[in-house]
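Peer 1: This is the structure, below, for whatever I ask next.
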Amino acid sequence: MDAGIPTIIDLNAELGKLRMFRRSPASTPEERRGSVAGLGAYRDGLLLAIKAAGKDHWECHLTGDELVHVRGGAASLEIVCDEGPPRCFAPGTGTVAVIPRGAWHRLHSLDGFTQMAVTPFPGETIERDVDDPRGVECKPV
């Protein structure tokens with residue numbers, strides 16, 4: 001990007017192009033195609049728009065916090081916060097969640113939700129449905 005020239009994104013238009021996809025932890029990038037849009041590079045990662053239902057895979061980001069803005073619908077954010085079991089939070093429309101660097105997390109939504117995320121790279125994922133990601137072999141992203 002040239003110095004001084006902003007990137008302007010019509011977020012509503014980009015979200016309108018996406019289809020709702022019922023995710024599972026083992027969903028492949030090919031299966032997710034059309035439900036996720038890369039809107040551009042941002043710092044050490046990407047700005048993403050996503051429409052999804054179901055249960056996503058566990059992931060963590062090694063270099064920075066992830067920002068998730070729920071634009072429509074509702075989701076459950078499951079996250080490992082401490083030594084105890086994963087905890088659930090319920091971000092609804094208009095909510096922003098800042099997920100700390102290195103925290104294992106995933107999103108669930110029965111009926112579907114729309115989000116914008118600022119996702120840092122690199123990270124790790126677990127593409128199996130497990131109750132607690134700690135101690136499970138993960139895959140670099």
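The values are calculated or read from the model by the stated rules, or taken from the named source; none is laboratory data. These numbers were taken from a predicted model, which means no experiment stands behind them. Note that each Cβ is placed from the backbone with ideal geometry, even for glycine, and that neighbours are counted across all protein chains shown.
Peer 1: Going by the conditions given, is ARG23 surrounded by 15 or more Cβ atoms within 10 Å (Cβ to Cβ), under 15 Å from the mean Cα position of the chain (by Cα) and in contact (Cβ under 8 Å) with a residue 60 or more places away in the chain? Explain how you work it out, then say what you get.
Peer 2: On the way: surrounded by 15 or more Cβ atoms within 10 Å (Cβ to Cβ): yes; under 15 Å from the mean Cα position of the chain (by Cα): yes; in contact (Cβ under 8 Å) with a residue 60 or more places away in the chain: no.
In short, no.
Peer 1: Considering only residues that are in contact with a Ser or Thr (Cβ under 8 Å, 6 or more places away or on another chain) and of a type in the set (Lys, Arg), which ones fall in the range 24-55?
Peer 2: LYS51, LYS55
Peer 1: Could you pull out every one of the strands (runs of 3 or more DSSP E) wholly within the range 27-116 that has 1 or more residues that are of a type outside the set (Ser, Thr, Tyr), crowded, with 17+ Cβ neighbours inside 10 Å and in contact with a Pro (Cβ under 6 Å, 6 or more places away or on another chain)?
Peer 2: Details: elements: 36-42, 45-55, 58-61, 66-73, 76-79, 87-89, 96-99.
Per the criteria, 45-55, 58-61, 66-73, 76-79, 96-99.
Peer 1: From the list ALA49, ALA26, ALA13, ALA3, pick out the single residue that is more than 23 Å from PRO133 (Cβ to Cβ) and modelled with pLDDT under 95. Let's see the steps before the verdict.
Peer 2: Details: ALA49 fails: modelled with pLDDT under 95; ALA26 fails: more than 23 Å from PRO133 (Cβ to Cβ); ALA13 fails: modelled with pLDDT under 95.
None of the other options fit; the residue is ALA3.
Peer 1: Another one. Checking the structure you have, find out if any residue of the range 118-125 is polar (S, T, N, Q) and free of Cβ contacts under 8 Å to residues at least 24 places away in the same chain. Please lay out each step first, then the result.
Peer 2: Let us first name the residues in the range 118-125 that are polar (S, T, N, Q), namely 119, 125.
Imposing the further condition that a residue be free of Cβ contacts under 8 Å to residues at least 24 places away in the same chain reduces the set to none.
Looking for residues that are polar (S, T, N, Q) and free of Cβ contacts under 8 Å to residues at least 24 places away in the same chain, one finds none in the range 118-125, hence no.
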